[in-house]
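Notes for the one structure printed next.
Please treat every number below as a calculation from the coordinates, not as lab data. Values in this document were obtained by computation on a predicted structure and should not be read as measured data. Positions of Cβ are backbone-derived with ideal geometry, glycine not excepted, and every protein chain shown enters the neighbour counts.
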Amino acid sequence: MTPSIPPSQRKFTFFARHLGRPQVAMISGLLMLLALVAWGGDIHTIELTRHPDGAKTNLAAWKGKVTVVNFWATWCVPCRKEFPEFDKLRDKYQSRGLEVVGVTTDTDSKTIAKYLEKVPVKFPIVLDPAGLLHKAVNPPTMPTTILLDRQGNIVATYVGFDAEKGLAQLESDLQKLL
């Protein structure tokens, strides 16, 4: 069964098929920057909820670390493929100051738990129940990943999942920050 793509994602999917990957990445990065400027807030202070314990947190909890922030959803098939890869990156570089954080707007704990039973991860999963972080960053599709430096600045954006080039580029970028 193919998961349905939410209406807000369909337009981007159409354009992604007709543009090359570099153009899509550039456009999505510009859209995220515009969204952050228009929002005018600090993404690090947006309240998030840790899964499964429900503790409150925010991105500021990971300042001082190079942080891979992955926006994902339970209906996202590519997310299932990239989660194990993020676990491998975290295992490889955690001792040098890397953290990976998965962010979802899904709010049903049972659905999230069921998903994570099928695709277990060691990195923290946080919920964005009000969708404020998603609104601020404005990921154009799922999955979308942002790379934060140790000061919490967004230094790179990765749209979609590309097992070869995308992961290699992410790893190359994060190695420069570690």
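Of all residue pairs spaced 6 or more apart or on separate chains, those with beta-carbon atoms under 9 Å, a first member in the range 115-128 that is farther than 13 Å from Arg90 by Cα and in contact (Cβ under 8 Å) with a residue 24 or more places away in the chain and a second member that is polar (S, T, N, Q) and assigned to a helix (DSSP H, G or I) are Leu127/Ser109. For Val159, the stated conditions hold: it is closer than 15 Å to Trp72 by Cβ, in contact with a helix residue (DSSP H, G or I) (Cβ under 6 Å, 6 or more places away or on another chain) and not charged (D, E, K, R). Each residue in the range 79-98 was checked for being on the phi < 0 side of the Ramachandran plot and either among the β-branched types (Val, Ile, Thr) or not in a helix (DSSP H, G or I) (or both), and 1 pass. Given the structure, is Ala168 in contact with an Asp or Glu (Cβ under 9 Å, 6 or more places away or on another chain) and surrounded by fewer than 18 Cβ atoms within 10 Å (Cβ to Cβ)? The answer is yes for Ala168.
Residue-wise test of (1) in contact with a His (Cβ under 7 Å, 6 or more places away or on another chain); (2) free of Cβ contacts under 8 Å to residues at least 24 places away in the same chain; (3) crowded, with 22+ Cβ neighbours inside 10 Å.
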position	(1), (2), (3)
Lys56	no, yes, no
Lys65	no, no, no
Lys81	no, no, no
Asp87	no, no, no
Tyr93	no, no, no
Thr105	yes, no, no
Thr111	no, no, no
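If you scan the range 99-143, which residues turn out to be among the polar types (S, T, N, Q) and in a loop (DSSP other than H, G, I, E, B)? Selection gives Thr105, Thr107, Asn138, Thr141.
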